Amino acid sequence: MLKFILGFVVGLLGFLLVQEHVQAADIKIIDSTGLIRAVRVVKDTSIVKVNLVDAPGARGECVATNVDGIASERREPISGKGECVFSSLAAGTWQITVSGGARWRVRIDE
């Protein structure tokens with residue numbers, strides 16, 4: 001029994017000493033009405049892909065506004081495939097609006 005307790009204590013101390021501290025934060029995407037469209041834990045930045053539901057013939061741009069007020073507004077054109085890609089979007093809450101009021105889906109990648 002003593003061996004078990006000693007092994008447990010040594011193992012726990014080893015875990016606590018070796019554990020790597022990784023900072024993580026959330027990136028949250030909301031729409032123009034404030035509804036949450038996506039949330040993901042990220043280390044620093046991420047790639048956010050906005051796909052328009054009615055993609056054929058879509059023109060204009062997607063705008064990402066940082067609700068926290070920390071980062072600058074970002075604008076990306078709508079591609080021929082009907083998507084906008086925001087690379088290196090920082091953690092925080094971002095409101096996405098699409099010109100013309102098109103319906104859209106979002107995916108967050110690291």
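How large is ³J(HN,Hα), in whole Hz, for each residue of the range 41-52 in order, when computed from phi with the Karplus curve 6.51 cos²θ - 1.76 cosθ + 1.60 and θ = phi - 60°, using x for Gly and Pro?
Those phi angles translate into 7, 10, 7, 8, 10, 8, 9, 10, 10, 9, 10, 6 Hz.
Contact order normalised by length for the range 22-109, with contacts defined as Cα pairs under 8 Å and 6 or more residues apart; what percent is it?
41
Mind checking the full-extension length gain between D44 and D109? Use 0.36 nm per residue of separation minus the Cα-Cα distance, one decimal, nm. Let's see the in-between values first.
Details: separation 65, 0.36 × 65 = 23.40 nm, distance 1.17 nm.
Here the segment from D44 to D109 would lengthen by 22.2 nm.
What is the spin-label model distance, in nm, from I5 to E61 if the labels are put 7 Å beyond Cα along the C-beta direction?
Result for the modelled spin labels: 6.8 nm.
For the pair L35/D54, report the inter-label distance in nm, with labels modelled 7 Å from Cα in the Cβ direction.
1.6
Once amide H atoms are built 1.01 Å from N in the peptide plane, which residues 5 or more positions from T93, or in another chain, come under 5 Å H to H?
K28, V67, D68
No value in this document is a laboratory result; all are computed from the given coordinates. Quick caveat, the model's predicted, so the values are computed rather than measured. Don't worry about glycine lacking a Cβ; one is built from the backbone with ideal geometry, like all the others, and counts go over all protein chains shown.
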